[in-house]
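K.L.:
This is the structure, below, for whatever I ask next.
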């Protein structure tokens, strides 16, 4: 965001954008700033800070998108930041000169308490009523002129995603100091304030909106204790079937393209280390992860759609009873659900949890939720070893296997939370308040931008962390170059070079520790490399098999057919595959997650604790899985 110095007659205006979650605040922010936002954190905390800029009649207007809050009496870190920013108590962040207060027009009655709190700050304030198109569709009508007169401030009606009313609002931004002010502030006494709210509603709400009949009808099923739980299970089953069924053709096409690119590099470049580096190091390493992009797109596409439609808030309501039994609440479920995409935003979402103890418990179990980084590992092993056949009707074995892994992670998170709440982190539960928004289909552009943001983040990860690790791994897998024994054929020479490389020696050194889990030294190298990021094991195995295979073969075929050269037995037996999948369910192999844990808890104590207890769980569960499956399969 470019800064511009203005002359003394037109100084920069700083506007605080204030509103509750689901009030249309983010959509309005994007409409005003044109998606030109500077994103960071507030000093000293990890609560996200977004600022954007726009120009009105040549004057620079900075918009501060404050965290969503239901009021100005803070009970969570997010809400505490809002109160401190408005009071000018946050270092390096100047307080706003005026406020834009967003309120969902369909919930004006519930929002007036918040409006009263904002008006008592005595800052120039403009009230923006959002979603007025929905209010009209439900038969409601608000008299904007009367509302403006009753509150003593300007009121603008906006439908952000369609751009309606945005220009009228921009016209107000030229000189917030000239906005009308309330002649009398709302009462501070709760009883008197309630009377003030009722008088405002009686005067301005010309016609009350009926409850959306579609929302009411659907909620009778979605929120039913039994029916809602069954529906949630059905949605999850469909979700995981979709990931494999729809993504496979695109994945195969990307896989073929990467294979062609690797072959082309070896053809175009002179034979030697450079050709091997480009083909086996860069293309094989990064390409082996990029082929899972279609599944990542489907994963985030469905998650964002369910969230934007309004289903996820209801899923949190349905599981609140279960969360209460383990000592948590629905807000923790929202954070854990966010961890399905990535544990980092999931952990950051715990800021909305008022109880510090419950927040810490949620942070410690969030890595057990199956994040998108695990998906390439699961997809590789399931795609290679689970038959792509139907189990029952339209349900395939591969989708059911993936669903089972997600369920194991979720169940483990709930059990771990229950144990922590009853042992080292005991605490009292707090009331759970969550507004259920009406069902709305998101604008296609907004949904597509959300999905693209997630997909591009995955590609950036592949182009940075995985690329860097792939380059380092190629060096470790290539050097030192130890001459093969006399008389060794090409395959034997390749295997000898690989085993005597720096990575090979590292794998051999840790093999005794991981052999009880059914893992050989090649898997060991992948486990060590995946400490940077879980999906790196896929890139590692791709390079290992690219270096050891004479012919170009797909990674799935390579791991399926790999045999121990000394015994002739398959390396990836059913027991080994099951053990490796279970290990990735539990192990915390993500430096980014550990780093955000450190920032959120302000201590290395809890990240170290999380890494240690999850590693112990991973090792123990993998050991038992290997022994049980091996006994059943043999």
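K.L.:
Take the residues of the range 151-175 that are surrounded by fewer than 19 Cβ atoms within 10 Å (Cβ to Cβ) and not in a helix (DSSP H, G or I): which is modelled with the highest pLDDT?
P.N.:
For the range 151-175, the residue satisfying everything is 152.
K.L.:
Consider residue 441 against the criteria (1) assigned to a helix (DSSP H, G or I); (2) at pLDDT below 90; (3) under 33 Å from the mean Cα position of the chain (by Cα): it satisfies all of them except one. Which criterion is unmet?
P.N.:
(1)
K.L.:
Further question on the same structure: So which helices (runs of 4 or more DSSP H) stay within the range 180-297 end to end and still have 3 or more residues that are under 21 Å from residue 536 (Cβ atoms) and outside the structural domain of residue 554 (by TED's automatic domain parsing)?
P.N.:
In the range 180-297, the matching helices (runs of 4 or more DSSP H) lie at 225-268, 284-290.
K.L.:
Checking the structure you have, find out if any residue of the range 99-110 is in a helix (DSSP H, G or I), in contact with a helix residue (DSSP H, G or I) (Cβ under 8 Å, 6 or more places away or on another chain) and surrounded by fewer than 21 Cβ atoms within 10 Å (Cβ to Cβ).
P.N.:
Checking the range 99-110: at least one residue is in a helix (DSSP H, G or I), in contact with a helix residue (DSSP H, G or I) (Cβ under 8 Å, 6 or more places away or on another chain) and surrounded by fewer than 21 Cβ atoms within 10 Å (Cβ to Cβ).
K.L.:
Given the range 308-427, what helices (runs of 4 or more DSSP H) lie entirely inside it while holding 2 or more residues that are modelled with pLDDT of 90 or more and in the same structural domain as residue 289 (by TED's automatic domain parsing)?
P.N.:
356-365, 375-385, 397-422
K.L.:
Given the criteria in contact with a helix residue (DSSP H, G or I) (Cβ under 6 Å, 6 or more places away or on another chain) and at pLDDT 85 or above, does residue 67 qualify?
P.N.:
For residue 67, the condition - in contact with a helix residue (DSSP H, G or I) (Cβ under 6 Å, 6 or more places away or on another chain) and at pLDDT 85 or above - is met.
K.L.:
Residues in the range 34-49: is at least one in a strand (DSSP E or B), at pLDDT below 90 and under 30 Å from residue 109 (Cα atoms)?
P.N.:
There is at least one residue in the range 34-49 that is in a strand (DSSP E or B), at pLDDT below 90 and under 30 Å from residue 109 (Cα atoms).
K.L.:
Of the residues 541, 506, 498, which single one is closer than 16 Å to residue 579 by Cβ, at pLDDT below 95 and out of contact with any strand residue (DSSP E or B) (no Cβ under 7 Å at 6 or more places or on another chain)?
P.N.:
Exactly one residue qualifies, and that residue is 541.
K.L.:
Another one. Which members of the range 559-594 meet the condition of being part of a helix (DSSP H, G or I) and modelled with pLDDT under 90?
P.N.:
Residues satisfying the conditions are 591, 592.
K.L.:
Looking only at the range 112-132, decide whether some residue is surrounded by fewer than 19 Cβ atoms within 10 Å (Cβ to Cβ) and at pLDDT below 85.
P.N.:
Checked against the condition, which is being surrounded by fewer than 19 Cβ atoms within 10 Å (Cβ to Cβ) and at pLDDT below 85, the range 112-132 yields no hits at all.
K.L.:
Among the residues of the range 73-98, how many are under 25 Å from residue 200 (Cα atoms) and surrounded by fewer than 17 Cβ atoms within 10 Å (Cβ to Cβ)?
P.N.:
Number satisfying all stated conditions: 1.
K.L.:
So which of 556, 495, 505 ends up being within 27 Å of residue 248 (Cβ to Cβ) and surrounded by fewer than 21 Cβ atoms within 10 Å (Cβ to Cβ)?
P.N.:
556
The values are calculated or read from the model by the stated rules, or taken from the named source; none is laboratory data. Not measured: the values here are computed from a predicted model. When we count neighbours, we look across all protein chains shown, and the Cβ atoms used for this are built from the backbone with ideal geometry, even at glycine.
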